[in-house]
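Just below is one structure, and these are the notes that go with it.
What follows is calculated from the coordinates using simple rules that are stated; it is not laboratory data. Keep in mind that what you see is a predicted model, and the values were worked out from it rather than measured. Glycine also receives a Cβ, built like all others from the backbone with ideal geometry; neighbour counts cover every protein chain displayed.
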Amino acid sequence: MLESQFATGRDVRLACRSGSLTGQTAGLARGFAQANLVILPQALAMDFLLFCQRNPKPCPLLAVTEPGQVRPGEIAPDADLRTDLPQYRVWRNGELVDEPTDITRYWQDDFVSFLIGCSFTFEDALLRAGVPVRHIELQRNVPMYRTNVPCVPAGVFHGPLVVSMRPMKPADVVRAVQITSRFPRVHGAPIHIGLPEQIGISDLSRPDFGEAVPVYEDELPVFWACGVTPQSAIMAAKPPLVITHSPGCMFVTDGRDEQLAGG
């Protein structure tokens, strides 16, 4: 199993830095918190900070760097945000122009980096409680969908909420709500259960990001707010240059999942 090669967040980061890991990180370094990444010029940082504060469900902040700083502080003191993710996305004027595995050549001294909680963090708690996680079972990226739910705008940033989906049997849904409610800094409890059309999702087999997984007749699709939401806002705002993680290719920290439980 791929995940057995990565006992810690540092193992994942070093594999990314060497170029040997370029795929999604679900199920890797179990027990270590994962994070979404948004990097943008200092001139846009206040607008984006306000966007996160006004939309805490999809954008729970774990860390914000000083301009030009490549190390994200206590959550991973020896990390380098330019190299330590499997894959990045480079956006110019709202258009995706590159998906490199190293962003050193794009780096600017005025860049401010935002690390945002990721739902991959609470998946270990679900698995330990006996709640299956379909995309991990199938070794796929989690399916993610744009919704018809608008985020609260801030400055230039606006756009729809993005959600991740995990199918579950009804009894498991109850347990999943209880478990994930303990993790508000990584999206917390689901924002919607069943009836995907009510939040603007017409076809679960065609996610906007990630990979589709089967939903069986005795299961409900369960939706969590997702840290890919900023990429939707970037597409709407069309800033000159922003860098993000590639969906599912997260920054794995040195922090433990349980350290984020309870707030």
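Structure notes:
- Residue order, fewest to most beta carbons within 10 Å, for LYS238, LYS57: LYS238, LYS57
- Each Lys and Arg Cβ is given +1 and each Asp and Glu Cβ -1; about its Cα centre, the chain then shows a dipole of about 260 debye.
- Exposure proxy shown here: for HIS135, HIS187, HIS192, the number of other Cβ atoms within 10 Å sets the order, fewest to most, as HIS192, HIS135, HIS187.
- Highest-fluctuation residue, TYR106, TYR88, TYR145 considered, GNM on the chain with Cα pairs under 10 Å: TYR106
- Spacing of the two label points (7 Å from each Cα toward its C-beta) at VAL177 and ASN93, in nm: 4.7 nm
- Stretchable slack from ARG71 to SER20, in nm (0.36 nm times residue separation minus alpha-carbon distance): 16.3 nm
- Computed over neighbours whose Cβ is under 12 Å from that of LEU241, the net charge equals 0, Lys and Arg +1, Asp and Glu -1.
- Of the residues ARG146, ARG105, ARG175, the one that moves most in a GNM of the chain with alpha-carbon contacts below 10 Å is ARG105.
- Of the chymotrypsin sites (Phe, Trp or Tyr not before Pro) in region 167-243, those whose Cβ has at most 12 other Cβ within 10 Å and which sit in DSSP loop: TYR216
- Gaussian network model of the chain, Cα within-10 Å springs - most flexible of GLY130, GLY210, GLY117: GLY130
- Contour excess over end-to-end distance, with Cα ends at ASP218 and GLN108 and 0.36 nm allotted per residue: 34.6 nm
- Between GLN5 and ASN148, the simple spin-label model (points 7 angstrom out along Cα→Cβ) gives 4.4 nm.
- Per residue, the convex hull around the alpha carbon atoms of region 131-225 comes to 104 Å³.
- Placed amide H near LEU161: partners under 5 Å, 5+ positions off or other chain: THR147, VAL149, CYS151
- Positive contributions from Lys and Arg (+1) and negative ones from Asp and Glu (-1), summed over other residues with Cβ under 12 Å from the Cβ of GLY155, come out at 0.
- Pairwise centroid distance, computed over Cα atoms, of region 31-68 with region 91-114, Å: 15 Å
- Förster radius 35 Å - calculated FRET efficiency between SER205 and LYS238, Cβ distance, rounded to 0.05: 0.75
- Dividing the summed helix terms, -39500 (n - 2.57) for each DSSP H run of n ≥ 4, by the number of residues in the chain produces a 222 nm estimate of -6000 deg cm²/dmol to the nearest 500.
- Each Lys or Arg adds one and each Asp or Glu takes one away; over the other residues whose Cβ falls under 12 Å from the Cβ of ALA125, this sums to +1.
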